[in-house]
1. Residue by residue through segment 137-147, which ³J(HN,Hα) values in whole Hz follow from phi under the Karplus form 6.51 cos²θ - 1.76 cosθ + 1.60 (θ = phi - 60°), with glycine and proline marked x?
2. Considering amide H positions built from the backbone, and no H for Pro or chain starts, which residues 5 or more places from V93, or on another chain, come under 5 Å of its amide H?
3. Looking at the P(r) of the chain, how many percent of alpha-carbon pairs lie beyond 23 Å?
4. Which length gain, in nm to one decimal place, applies between D126 and F218 when the Cα-Cα distance is subtracted from 0.36 nm times their residue separation?
5. So what's the back-of-envelope 222 nm ellipticity for the chain, counting only DSSP H runs of four-plus at -39500 (n - 2.57) apiece and dividing by all residues, rounded to 500?
6. In whole Å, what is the distance between the alpha-carbon centres of segment 143-165 and segment 50-108?
7. Residue-wise, which Karplus ³J(HN,Hα) couplings in Hz belong to segment 41-58, taking 6.51 cos²θ - 1.76 cosθ + 1.60, θ = phi - 60°, and x for glycine or proline?
8. For segment 97-202, evaluate the Debye formula with one uniform point scatterer on each Cα (no solvent term) and list log10 I(q)/I(0) at q = 0.11, 0.15, 0.20, 0.24 Å⁻¹, rounded to two decimals.
Amino acid sequence: MRIHVINPNSTASMTDQIVRAAEAVRLEGFVIDAETAMGTPASIEGYSDEARAVPAMLAAIRAAEKRGASAHVIACFDDPGLAAAREVATGPVIGICQAAVQVAMTVATRFAVITTLPRSVPVIEDLVAQYGAASRCRRVRAVDLPVLALEADPKNARAKLLDEARTAIREDGVDAIVLGCAGMAELCEWLSREAGVPVIDGVVAAVKLAEALASGGFRTSKAGAYAYPRDKSGDVVTTH
């Protein structure tokens, strides 16, 4: 079975990191089919970036369906275009924010999300509420670093992330941390060891959920709002 993982931004090195995280937990019998979106922002940091990334992402998902993908993972914590992706896909489509939140609610009573820039905080707060976890997520925190700085200055990124995690444990009373960016994927095990609580990476959570859904034979419902988009080529348009 093929798990299609799409990085909606155009930074190939981030895709490489995402692939390493996915391959580290991949079950035998599954293939990780990963790709980087083309012509999209180098990182997704806000609603405009999301909107610019979605068309290429949807095209990639359509192409992966033709290659026989059993499920899809959108490897951006903003879960951009998730509902639209479910419209065009037959297999399940998993956003890494939704997957991470679901895992956090299963393994901990209270959690915090640590993301990159402060502007991402309200976006993630809204997603957490949408996924029914507002009462369990004590706070969404930001380390105030651009997404690409995670790779450009890893020492500083690690120091800021660990400090924020320890502050969340101390001040927010959380017993788990969710990493709020796909670019943090490889820091998960290290941060869990240093902070002393479970740390959840959305890429790993989404890949494991995708494997479970695919092997269970689950598909995206086409009976309602996730029905395939209508072909409008034959519609008659009248003007007045």
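1. 8, 6, 6, 9, 10, 10, 8, 6, 10, x, 3
2. Those lying under 5 Å, H to H, from V93 are H72.
3. Details: 13419 of 28680 pairs.
When all Cα pairs of the chain are counted, 47 percent exceed 23 Å.
4. Numbers: separation 92, 0.36 × 92 = 33.12 nm, distance 2.71 nm.
Full extension from D126 to F218 adds 30.4 nm.
5. Details: 9 runs with 103 residues, N = 240.
After summing the helix terms and dividing by residue count, I get -13000 deg cm²/dmol.
6. The distance from the Cα centre of segment 143-165 to that of segment 50-108 comes to 25 Å.
7. x, 5, 8, 10, 9, x, 5, 5, 4, 4, 4, 5, 7, 5, x, 5, 5, 5
8. Relative scattering, expressed as log10 I(q)/I(0), comes to -0.27, -0.51, -0.95, -1.42.
Just so you know, all these numbers are worked out from the coordinates, no wet-lab data involved. Nothing here was measured: the structure is a model prediction, and the numbers come from that model. Heads up, the Cβs are rebuilt from the backbone with ideal geometry, glycines too, and the neighbour counts pull from every protein chain shown.
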